[in-house]
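In what follows, a structure is listed as structure tokens, so that the remarks can point back to it.
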Amino acid sequence: MGFSLRSRTLRAVMLGFGLALTAPIAELNAASLLSPGPATLIRQSTEPFGQRTSLLAGGGLHDKWLGVQRQLAGEMVQLAICEGDREGCASQEALRFLAIVDAGRARDGRARFGEINRAINLAIHPASDLAAYGEPDVWATPLATFARGSGDCEDYAIAKFVALREAGVAADDLRIVVMHDLLGGEDHAVVAARLAGHWLILDNRRMAMIEDSDIRNFRPTFVIDQHGVSRYVDAPLVTEAAWRPAVPAN
């Protein structure tokens, strides 16, 4: 099991090309729990949430993500070295991360997604960037997050995205999605993983995975995949019928 150092290093570089973000965005705080609901998704594309996207380049968030990419390239080399020599690995966070990847590789399909989602949710304690770094918006790589032991929603999402790729999930079937909470007004980052044509949402606020079609009160705004970072251009997210107020109970 595992890959040679050369092949894993090349994967690290290729993975880096798939992680890029653009355009300013508010701080990604952990938003309220995703709520399953009866929303009717308007599917106009094969992207999560069925909305069309437009590839972006440049901007403040793009520059932030480039910094993550540079750090991630080094971490992927470290992971490759530790995977080839577990006993000689001096990085405890790398060994913990690889153990999660191993557990994911041992499973298939939805079980693989669920294994990594639960393991990373349990491995990281929620904490704001202000509490951890004294800064309002810091995007951390997986080993940096594991070394600290805490992070906010985008840190969970980055760690899951990398772990799923390392566990063998195809790049075409993975996204990091930034969503806006229409009720709370916050932004929230999750991972979307595709299985048999359906997008499952891996969220740091819940252990169970739900489909994008079962999410309400959130509007997707940006998505990251192997091609770069795109902006969702379609609205509304759901049909008008889904936004009708509920009838109060008697």
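Read-outs throughout are calculated quantities, based only on the coordinates presented, and are distinct from any laboratory measurement. Keep in mind it's a predicted model, so treat the numbers as computed, not measured. When we count neighbours, we look across all protein chains shown, and the Cβ atoms used for this are built from the backbone with ideal geometry, even at glycine.
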What does the charge count near residue 57 come to, summing +1 for each Lys or Arg and -1 for each Asp or Glu among other residues with Cβ under 13 Å from its Cβ? 0
Heads up, region 83-168 by the C-alpha gyration tensor (a ≥ b ≥ c square roots of eigenvalues; a/c under 1.5 rounded, else a/b over b/c prolate, else oblate) looks oblate
Integer Hz, Karplus 6.51/-1.76/1.60 couplings in order for region 184-197, x for Gly and Pro: x, x, 9, 9, 9, 10, 9, 9, 10, 10, 9, 9, 6, x
Tell me which trypsin sites (Lys or Arg not before Pro) from region 51-97 have a DSSP coil assignment and no more than 16 other beta carbons within 10 Å of their own. 52, 86
Between residue 55 and residue 196, what is the spin-label point distance in nm, taking each point 7 Å from the Cα along the Cα→C-beta axis? 3.2
Sort 221-227, 43-49 by packing, meaning the average of other beta carbons within 10 Å per residue, with the highest value first. 221-227, 43-49
Treating the beta-carbon of each Lys and Arg as +1 and of each Asp and Glu as -1, no other charges, what is the dipole magnitude of region 64-135 about its Cα centre, to the nearest 20 debye? 300
Packing-based order for 171-182, 123-134, using average beta carbon neighbours within 10 Å, highest first: 171-182, 123-134
Extension gain from residue 125 to residue 102, taking 0.36 nm per residue of separation minus the Cα-Cα distance: 6.1 nm
Can you pull out the GluC sites (Glu not before Pro) in region 60-93 that DSSP calls coil and that have at most 16 other Cβ atoms within 10 Å? 87
At what distance in nm do the modelled label points of residue 95 and residue 77 sit from each other, each positioned 7 Å from its Cα along Cα→Cβ? 2.3
Note, region 211-218: 3J(HN,Hα) by Karplus (6.51, -1.76, 1.60, θ = phi - 60°), whole Hz, Gly/Pro = x, goes 6, 4, 5, 9, 9, 10, 6, 10
Calculated from backbone phi, Karplus (6.51, -1.76, 1.60) coupling profile of region 80-86 in Hz, x at Gly/Pro: 5, 5, 5, 5, x, 8, 4
